[in-house]
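*Asks:* If you scroll down you'll find the structure; I have some questions about it.
Any read-out appearing in this document is the output of simple, stated calculations on the displayed coordinates, not a laboratory observation. Everything quoted here is computed from the prediction, not taken from an experiment. Heads up, the Cβs are rebuilt from the backbone with ideal geometry, glycines too, and the neighbour counts pull from every protein chain shown.
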Amino acid sequence: SNSPNSSPSKSTLDANLLNFPPRRERFFVAMVPLQEAVEACQRLAVSPDTDGQVLSSFVLTETDHWGNNYEKLVFLTERSVVLSKFDFVTRRHRHSRRLLFSDLTKVALGDLTLPARSLAPMRCHGALRLFWGEPSRVGVGQTWNPFSSVAIPYTTLAHHPLHYCEPEAKNPVYDLDCFASSLIGTLADRAPQVQVVSEPLPLNLYHGISSTVFNQSWLGYSKDRNGASF
């Protein structure tokens, strides 16, 4: 496992997105000045008293425990990680949540894994998981309830799909590894009690039908859908 001072290795890329990159022009995040989204969310979601200064901001994919992918603006601050949903179509902040360093217990880097008997499509790519609390205490009802994600004491982040497109592939904003390096360095300085490890990241999906439809339709992202935008 990594020490808190080590830099993460490059996360495994998604073979499907490498072979079939999404079309850049369909993503509204590529058309809206990113600073506009950052300022809108920062004004509503980041508190200087609670979070301190914003150190950096990213646009990444958040995967919930149900396997659904969502486009999130991610702020790394002096005391927290703030995850914001910004609607790049209407250009409005939707909602945010704050993960204080003082509440984090572990940061894990590794590849997503599925149960051996899972019928869900493989998701062989790297990710970063933030833990706050004790995952073993999560009940079966919470794990299988798609509406209970707030009660699940971890969240999972990965590259934004635009990381697989030119020229965005070189843009650190969409790059999970840049976020991981910044986060681990900040934790080493400000919250050295948070454990940083390398380990597989299980997704407890046995059928994955709903998340497959959700993700293949890119419903968690602000996109142009052949004239309909949402």
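*Asks:* At 0.36 nm per residue, and after removing the present C-alpha to C-alpha distance, how many nm does the segment from Tyr70 to Leu44 gain when stretched out fully?
*Replies:* 7.4 nm
*Asks:* Also: Taking amide H atoms as placed 1.01 Å from N in the peptide plane, list the residues 5 or more away in sequence, or in a different chain, whose amide H sits under 5 Å from that of Arg79.
*Replies:* none
*Asks:* Please give the peptides 90-102, 30-42, 170-182 ranked by average Cβ packing (other Cβ atoms within 10 Å per residue), highest first, as a rough proxy for protection.
*Replies:* 170-182, 30-42, 90-102
*Asks:* Between Val89 and Thr212, what length comes free when the chain is fully extended (0.36 nm per residue of separation minus the Cα-Cα distance, one decimal in nm)?
*Replies:* Length difference between fully extended and current span is 41.9 nm.
*Asks:* What residues from the range 59-92 fall in the zone where the backbone N is under 18 Å from a label point 7 Å along the Cα-to-C-beta line of Leu100?
*Replies:* Zone members listed by number: 75-83.
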